[in-house]
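**Student:** Let me begin by handing over the structure; questions about it come next.
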Amino acid sequence: MNELSNEFENCLTQTERILLNSFNRLVIRGKRGRGVAILLSPTMKEHFEELLKVRHHFVSNNNDYIFHTSGFTCLDGTKILRKYAINCKLQFPNNITATRLRKHIATVTQLLQFSEQDLEQLSTFMGHTIKTHCNFYRLTDNMYQTAEVSKLLLLSTNEGIKA
């Protein structure tokens, strides 16, 4: 490992070091050619490596895609997610989409009070700009205020119990 990596790791918390050593980051091409990151858990990484080992038995060496069609294009993950949401006979299968997952994560993070830098990193990771993140994924005042004020009340109540 190079010196810069060691220096960076020294700035991490113990939890961050564990997470960094547990997950692998993979970047795929997203909309407009923008890179979109994917985190692989150790189990997912094992399965992915097995897939790569046997891939040559099923795919032409000229096909660059891991998840491909019978031609030379890739599978559309959004269509596959929609198919399985419907096959699972969910009550509201249209709520299970990559867009809604991104929206949920972006909205909930507002309650965590991320710094500007953390929001920028999260936005980039999710494949959109911080402007998109801030303008389109806003909690309503009702939700935000209820969550924040109730959190403060619970904290103050717990402090009162300790005193």
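The values are calculated or read from the model by the stated rules, or taken from the named source; none is laboratory data. This is a predicted model, so every value here is computed, not measured. Counting neighbours? That spans all protein chains shown, and the Cβs are built from the backbone with ideal geometry, glycine included.
Per-residue answers, yes or no, for (1) at pLDDT 75 or above; (2) of a type outside the set (Gly, Ala, Ser); (3) more than 12 Å from the chain's Cα centre (by Cα):
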| residue | (1), (2), (3) |
| --- | --- |
| Lys103 | yes, yes, no |
| Gln113 | yes, yes, yes |
| Asp118 | yes, yes, yes |
| Thr129 | yes, yes, yes |
| Phe136 | no, yes, yes |
| Tyr144 | no, yes, yes |
| Glu148 | no, yes, yes |
| Leu154 | yes, yes, yes |
| Lys162 | no, yes, yes |
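**Student:** Mind listing whichever residues of segment 1-56 are farther than 22 Å from Leu75 by Cα, modelled with pLDDT of 80 or more and small (Gly, Ala, Ser)?
**Tutor:** Ser22
**Student:** Count, please, the residues in segment 7-46 that happen to be touching a Lys or Arg at 6+ places or on another chain (Cβ under 8 Å) and assigned to a helix (DSSP H, G or I).
**Tutor:** Residues flagged as touching a Lys or Arg at 6+ places or on another chain (Cβ under 8 Å) and assigned to a helix (DSSP H, G or I) within segment 7-46 amount to 1.
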